[in-house]
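Notes for the one structure printed next.
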Amino acid sequence: MSYTVKALQKTGPEAPFKVVDLERRDPREDDVVIDIKAAGICHSDIHTIRNEWGEAHFPLCVGHEIAGVVAEVGSNVTKFKVGDRVGVGCLVNSCGECEQCQAGMEQDCLRGNVGTYNSKDVDGTITQGGYSQKVTVNENFVLTIPEGLDFDVAAPLLCAGITTYSPLARWNVQPGQKVAILGLGGLGHMGVQIAAAMGAEVTVLSRSLKKADEAAKLGASRTLATTEEGFFAEHRGEFDMILNTISAPIDVDAYLSLLKPRGVMSVVGLPPEALNLHMGSLVGGGKVLTGNNIGGIPETQEMLDFCAQHNLGAKIEKISIDQVDEYYDKVVAGEVHFRAVIDTATFSK
């Protein structure tokens, strides 16, 4: 059995978004139905729907930054009740049994997790995302959005927030440590806020100083322009950690030279092409080059609670459903400040 909601779908990478009637499954005994209040636009949505990460399953509704209110619960649901403030991120299911799932690392499920969209669900259907009025999700993949976090600023935390929080927490950023955030976009602006709230001395690394004032407002101590002559020599061995949030090619060796011995560069941006690396950049100084892919459900809840405690949220532009195509182009051009979030109430207008 199913119910019908309004949603934004594309029939192909070149087609415009259209409002359609989308079938959602009625809640199973362990499901939660969520009335979506806000849906963030992530660059991953754009990569997927433009077939930049392989052939997508069309017609497709994307969106994995979902915030809303519980509208209905299945008979065996114990974690949520109608009226609860909740969110859904990048995952809606996993095997629940493997070593990784048992450790709360569902994003690394050894049998393959189920993504919030464009993924084969346990019943064989293709998951449809959060650019919609409602969604049905297994309760184990639903998060609590704390009071004090508005839905629109909380929605991007379900991807951008956990993507930056997880590596900072994993490498145990401490007060007084020197942390550099490479790039001040949709991910980087969250990285600055979270690292600063952890007590780090935060530096933004950017090609220019044009975002220096914004970086300071977010908690950065300073912004440095990486294009200035002699930059890498001047700042050699300066940072305990670099969080690389950009998806453009960089000179990996040059940026590793900015780390102290035993320093860490954690990569969360995904450049489209392979980058060169000389092993000497790691061996010399015993440095670490690592990646990080979102976080599991327990860590995502930890992140939401941390953000609420420190009064952190995404800096957003709120848009209507008829602006999504336009804002996809703006996201790609780097013209959004800093995340775009769809007001799903505009489905009813």
Exercise for review: Looking only at segment 113-125, decide whether some residue is assigned by TED's automatic domain parsing to the domain that holds D31 and touching a Pro at 6+ places or on another chain (Cβ under 8 Å).
Suggested key: no
Practice item. Say whether the condition of being within 27 Å of T203 (Cβ to Cβ), at pLDDT below 95 and not assigned by TED's automatic domain parsing to the domain that holds I41 is met by at least one residue in segment 255-266. Key: no
Review point. Quick check: is even one residue across segment 205-215 part of a strand (DSSP E or B), within 24 Å of C42 (Cα to Cα), out of contact with any helix residue (DSSP H, G or I) (no Cβ under 7 Å at 6 or more places or on another chain) and of a type in the set (S, T, Y)?
Key: yes
Revision key, fill the gap. Checked segment 303-333 for anything of a type in the set (S, T, N, Q) and either in the same structural domain as V88 (by TED's automatic domain parsing) or part of a loop (DSSP other than H, G, I, E, B) (or both); matches are N311, S320, Q323
Exercise for review: Go through segment 206-247 residue by residue and tally those that are free of Cβ contacts under 8 Å to residues at least 24 places away in the same chain, more than 19 Å from L168 (Cβ to Cβ) and among the basic types (K, R).
Suggested key: 4
Study note, to complete from the structure: Of (1) closer than 23 Å to R28 by Cβ; (2) outside any loop (DSSP other than H, G, I, E, B); (3) of a type in the set (D, E, K, R), D123 satisfies every one except (2)
Point to revise | Filter result (assigned to a strand (DSSP E or B) and crowded, with 22+ Cβ neighbours inside 10 Å) within segment 139-174 | key: L143
Point to revise | Complete set of residues in segment 25-50 that are of a type in the set (D, E), in contact with a Gly (Cβ under 6 Å, 6 or more places away or on another chain) and assigned to a loop (DSSP other than H, G, I, E, B) | key: E29, D30
Check your understanding: In segment 9-24, which residue that is out of contact with any Phe, Trp or Tyr (no Cβ under 8 Å at 6 or more places or on another chain) and outside any loop (DSSP other than H, G, I, E, B) is farthest from S94 (Cα to Cα)?
Key -> K18
Study note, to complete from the structure: Residue pairs within 8 Å by beta carbon, gap of at least six or interchain, first lying in segment 280-299 and in the same structural domain as V267 (by TED's automatic domain parsing), second loosely packed, with under 12 Cβ neighbours inside 10 Å and part of a loop (DSSP other than H, G, I, E, B), listed first then second, are G285/G237
Point to revise | Qualifying residue in segment 230-245 (condition: of a type in the set (F, W, Y) and either in the same structural domain as G96 (by TED's automatic domain parsing) or part of a strand (DSSP E or B) (or both)) | key: yes
Exercise for review: Give segment 260-308 a look and list any residue that's out of contact with any helix residue (DSSP H, G or I) (no Cβ under 9 Å at 6 or more places or on another chain) and of a type in the set (K, R), or say none.
Suggested key: K260, R262
Revision key, fill the gap. Scanning segment 143-191 for residues that are among the hydroxyl-bearing types (S, T, Y) and under 17 Å from K318 (Cβ atoms) gives none
Check your understanding: Residues in segment 84-107: is at least one within 27 Å of H337 (Cβ to Cβ), among the acidic types (D, E) and crowded, with 16+ Cβ neighbours inside 10 Å?
Key -> no
Study note, to complete from the structure: Considering segment 306-333, residues that are more than 22 Å from Y165 (Cα to Cα) and small (G, A, S), and then whichever is surrounded by the most Cβ atoms within 10 Å (Cβ to Cβ), we arrive at S320
**Study point:** Selection count where residues are within 19 Å of the chain's Cα centre (by Cα) and under 21 Å from T300 (Cα atoms), scope segment 173-197
**Key:** 14
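The values are calculated or read from the model by the stated rules, or taken from the named source; none is laboratory data. Source: prediction; values computed, not measured. Glycine gets a Cβ as well: all are built from the backbone with ideal geometry, and neighbour counts include every protein chain shown.
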